[in-house]
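Below is one structure; the comments refer to it alone.
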Amino acid sequence: MGLQILWFILWGLLWAVYFMLDGFDLGSGILRNFLAKDDTERRIILHSIGPVWDGNEVWLITAGGATFAAFPATYASMFSFLYIPMLIILFSLIGRGVAVEFRNKDERQGWKSLWDWVMMVCSLVASFMFGLVFGNVFRGLSIGANGYEGTFGDLLNYYGLLTGLLFVAMFIVHGMLWVAVKTDGELSERAYKRAGAFWYALLVIAVLFLVANAFATKLYDNFLGHPVWIIVPALAVLCLLAVKLFLARGNDVEAFFASAATIVLVTFTGVIGLYPNLIPSRTDAAFSLTAFNSSSGHYTLTVMTIVAAIFVPIVIVYQILVYRLYRKRITREEVAEGSEFY
């Protein structure tokens, strides 16, 4: 039981880290066409995420791999019950990667504009679909004796759609703060100001999300039963407010880290509320997939724990080194035509 609980925690942590890291990539992609005023600024934004975006997606692979290895029944059910939105996410992430790599393969402006819009649409769709998927997981699916008894249309409920909007809003603010931190001059200032303005929209959506949880889900049951865990959503709210406070003080780096903490804490609010469920059933709790009835055997979890203890720190160190290497702000001069791949 101890290993099952450990991997439930790690499962939530891996998804939280992925959303925190790839969130600013996705947010930058969504706003890139509207934030940048010319091709040079669009290239600057692309340069800001170019060295790290594919490394950030390692955490998506790790989260998916952990789900497959630790909770194979949940993995199979997730890709079965949520097949259409998961497939849309896959195609969107592929499209985004292709857009990043193909944009500068041709100097024609029409070619570049095409891939700029592909990147924007794919980033937006992926962000929304991640929220839709996790919103429906938080809400619970219509799982019966014969498996999923709903349709794709059932996933488009108000709570799932609201969670999709929450993810998009969080990632947009996170992405604009990343651009503010990684660039300089007018672009950085523009991103900074728009992050502060869009923060109000995020606040409204976040409040609606917190209220909707009480009516559409059972996430609050665990918090009411164990009040000590209320500190997690409380910290999420404080971090969200801290984003605005740091922006008002002109502290873009602090605002970015407060945004990162908000995303992690929001994810963990959902994970704590789910426990011990991974995919709760709205039909009958007996059909819910939990950390205990969908997990691998003790031997598998033991081997996974050893492997994770060895390789996850290596990945963390590698990513820290990459972020440290590319920590400087990007200027217009650095992305002069032909100076870099992007």
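Residue count for segment 304-322 under the criterion of being among the hydrophobic types (A, V, I, L, M, F, W, C) and under 17 Å from residue 68 (Cβ atoms): the result is 5. Sub-9 Å Cβ pairs linking a first residue in segment 215-226 that is closer than 17 Å to residue 135 by Cα to a second residue that is assigned to a helix (DSSP H, G or I) and among the hydroxyl-bearing types (Ser, Thr, Tyr), at least 6 apart or interchain, are 215/159; 216/158; 216/159; 217/159; 219/269, ordered by first then second residue. Here is the figure for segment 121-155: residues that are modelled with pLDDT of 95 or more, among the hydrophobic types (A, V, I, L, M, F, W, C) and in contact with a Leu (Cβ under 9 Å, 6 or more places away or on another chain) total 9. Among the residues of segment 267-281, the ones that are buried (at least 18 other Cβ atoms within 10 Å of the Cβ) and either farther than 20 Å from residue 130 by Cα or hydrophobic (A, V, I, L, M, F, W, C) (or both) come to 6 in all.
Is one or more of the residues making up segment 109-125 of a type in the set (A, V, I, L, M), touching a Lys or Arg at 6+ places or on another chain (Cβ under 7 Å) and in a helix (DSSP H, G or I)? The answer is yes, given that some residue of segment 109-125 is of a type in the set (A, V, I, L, M), touching a Lys or Arg at 6+ places or on another chain (Cβ under 7 Å) and in a helix (DSSP H, G or I).
Output the residue which, of all residues in segment 33-59 that are surrounded by fewer than 24 Cβ atoms within 10 Å (Cβ to Cβ) and of a type in the set (D, E, K, R), is modelled with the lowest pLDDT. Applying the filter and picking the extreme gives 54. Taking segment 4-41 as the range and being assigned to a helix (DSSP H, G or I) and basic (Lys, Arg) as the test, only 32 passes. The set of residues from segment 284-329 being under 30 Å from residue 44 (Cα atoms) and buried (at least 17 other Cβ atoms within 10 Å of the Cβ) comprises just one member, 319.
Just one of the listed residues (251, 213) is surrounded by fewer than 17 Cβ atoms within 10 Å (Cβ to Cβ) and either small (Gly, Ala, Ser) or on the phi < 0 side of the Ramachandran plot (or both), and it is 251.
Taking residue 77 as the residue in question, decide whether it is assigned to a helix (DSSP H, G or I), in contact with a Leu (Cβ under 7 Å, 6 or more places away or on another chain), surrounded by 22 or more Cβ atoms within 10 Å (Cβ to Cβ) and at negative phi. When the stated conditions are applied, residue 77 does not pass them. Residues 177, 208, 202: which one is of a type in the set (A, V, I, L, M), part of a helix (DSSP H, G or I), closer than 30 Å to residue 285 by Cβ and at pLDDT 95 or above? Going through 177, 208, 202 in turn, the sole match is 208.
The values are calculated or read from the model by the stated rules, or taken from the named source; none is laboratory data. Please read all numbers here as calculations on a predicted model, not as lab measurements. Here the Cβ is made from the backbone with ideal geometry for all residues, glycine too, and neighbour counts use every protein chain on show.
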